[in-house]
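Take a look at the structure below.
Values quoted throughout were computed directly from the atomic coordinates according to the rules given, and no laboratory measurement underlies them. No experiment lies behind these values; they were computed from the predicted model shown. FYI the Cβ positions are ideal-geometry reconstructions off the backbone, even for glycines, and counts take in every protein chain you see.
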Amino acid sequence: MYLSHFGLSEPPFTLTPDTSFYFACSAYQEAMNTLMVAAMQGEGFIKITGEVGNGKTMLCRKFLANLADANQKQDNQHGFVTAFLPNPYLEPRSLLLALAEEFHASVDAQQEQHEILKQLTRVLLEFAREGKRVIVCLDEAQAMPLESLEVLRLLTNLETEKRKLMQVVLFGQPELDERLKQNSVRQLRQRISFQYHLKGLHRDELDRYLRYRLGVSGYTGETLFSTGAVARLHRVTGGTPRLVNIIASKAMMLAYGEGRKQVTSRHIGKAAADTPESRTDWHKWLWSAFALLLGAELVISWMVMK
């Protein structure tokens, strides 16, 4: 491994959504602000969409961690009760059983669906009497069956005189928007009170992102990624955090293999060539095309002069 070579205590660019590596770029901060405001209001559905690799799962886990921190600042009789379903590809009955398990409701797996729903309602009412807000976060929500989405909507219909008994946050790829256009879930679509589309890192954020993750991993040296490396990394990834992590890690391995202490643009280019999802480096292509045209023009001029 390259850890000792660069003076690191742990890998800085792993793909696991570890919240200790959470970097509050502008998109993440705006999305988090949306989530926290919505959670405090306690109304309707919240929808967060983003392309593959833009950090929806990381944002979700950080949001849940923020709610846990908020709970510690309040007395035991108030705060948030949360549930996280990482794989919501569940038919309605399985979804209700999963929620019952998350909320520690006493249900029998053999019970009829309406009995499970009744027990869930009882637990949600108990949370409401204790002054607690219930928030359910569903990752990869674009995979949820439409029938299960409708069951969630029915659950969010439950309310006291003051507020809803449960709030739902949907994290999903852009395909989620297409699914919500279905006529059968139009009532749910109207209940979405807050939404945000998560984008990648801006060019001027990427250098800080790299430095932050390296710092968390114990790096104390000089600039590890050269200016050219950062610029090229953004070109071939478009700022998508997952791609940034993959290519940055490969580039560090290449630098380590050469015994170098700094990652250069050349290392990024080689790492990108080994990553199918990376983007075409148009900057390099344009320079190559320019060089070919210049060479052709020189040859033509020489032939004319001859």
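Would you mind calculating the relative contact order of the range 206-286 from Cα pairs under 8 angstrom and at least 6 residues apart, reporting the percent as a whole number? All intermediate terms of the calculation are to be shown ahead of the outcome.
Values: 72 pairs, mean separation 28.8, N = 81.
Rounded, it is 35 percent for the range 206-286.
Which of the aspartates and glutamates could a cross-linker span from Lys199 if the Cα-Cα distance has to be under 13 Å and same-chain partners fewer than 8 positions apart are dropped?
Glu30, Glu51
Mind checking which aspartates and glutamates have their C-alpha under 16 Å from Lys164, skipping anything on the same chain fewer than 8 residues away?
Glu43, Glu126, Glu130
Sorted by mean Cβ packing within 10 Å, highest first, what order do the peptides 166-173, 92-99, 1-8 take?
Details: 166-173: 23.2, 92-99: 19.8, 1-8: 14.8.
Put in order of decreasing packing, that is 166-173, 92-99, 1-8.
Cut-off is 10 Å between beta-carbons; in what order do Met40, Met144, Met253, Met32 appear when sorted fewest neighbours first?
On the way: Met40 11, Met144 23, Met253 15, Met32 18.
Ascending Cβ contact count within 10 Å gives the list Met40, Met253, Met32, Met144.
Pairs Lys47/Lys250; Lys62/Lys250; Lys56/Lys270; Lys62/Lys132; Lys47/Lys118; Lys56/Lys250: which are spaced more than 30 Å apart, C-alpha to C-alpha? Mind dumping the intermediate values first?
Details: Lys47/Lys250 34 Å; Lys62/Lys250 26 Å; Lys56/Lys270 28 Å; Lys62/Lys132 20 Å; Lys47/Lys118 27 Å; Lys56/Lys250 23 Å.
Among Lys47/Lys250; Lys62/Lys250; Lys56/Lys270; Lys62/Lys132; Lys47/Lys118; Lys56/Lys250, the Cα-Cα distance tops 30 Å for Lys47/Lys250.
What ranking do Val263, Val136 get, fewest neighbouring Cβ atoms within 10 angstrom at the top?
On the way: Val263 27, Val136 23.
With the fewest neighbours first, Val263, Val136 line up as Val136, Val263.
Contact order normalised by length for the chain, with contacts defined as Cα pairs under 8 Å and 6 or more residues apart; what percent is it?
Numbers: 434 pairs, mean separation 78.7, N = 306.
Computed value for the chain: 26 percent relative contact order.
Pairing the Cα long axis of helix 227-237 with the longest principal axis of the chain, what angle in degrees results, from 0 to 90 and rounded to the nearest 10?
Helix 227-237 and the main axis of the chain meet at about 60 degrees.
Can you tell me the 0 to 90 degree angle between the C-alpha axis of helix 92-102 and the longest principal axis of the chain, rounded to 10?
It is inclined by approximately 90 degrees.
What does the charge add up to near Phe194, with Lys and Arg as +1, Asp and Glu as -1, over the other residues with Cβ less than 12 Å from its Cβ? Intermediate results must be reported in sequence, preceding the final value.
Values: positive: Lys47, Arg191; negative: Glu30, Glu43.
After counting each charged neighbour, the total is 0.
Taking every pair of alpha-carbon atoms in the range 26-198, give the share separated by more than 29 Å as a whole percent.
Working: 2216 of 14878 pairs.
Tail of the P(r) past 29 Å holds 15 percent of the pairs.
Find which of Ala143, Tyr22, Val263 sits farthest along the positive direction of the dipole of the chain, computed with +1 on the beta-carbon of Lys and Arg, -1 on that of Asp and Glu, about the Cα centre.
Value computed over the given set: Val263.
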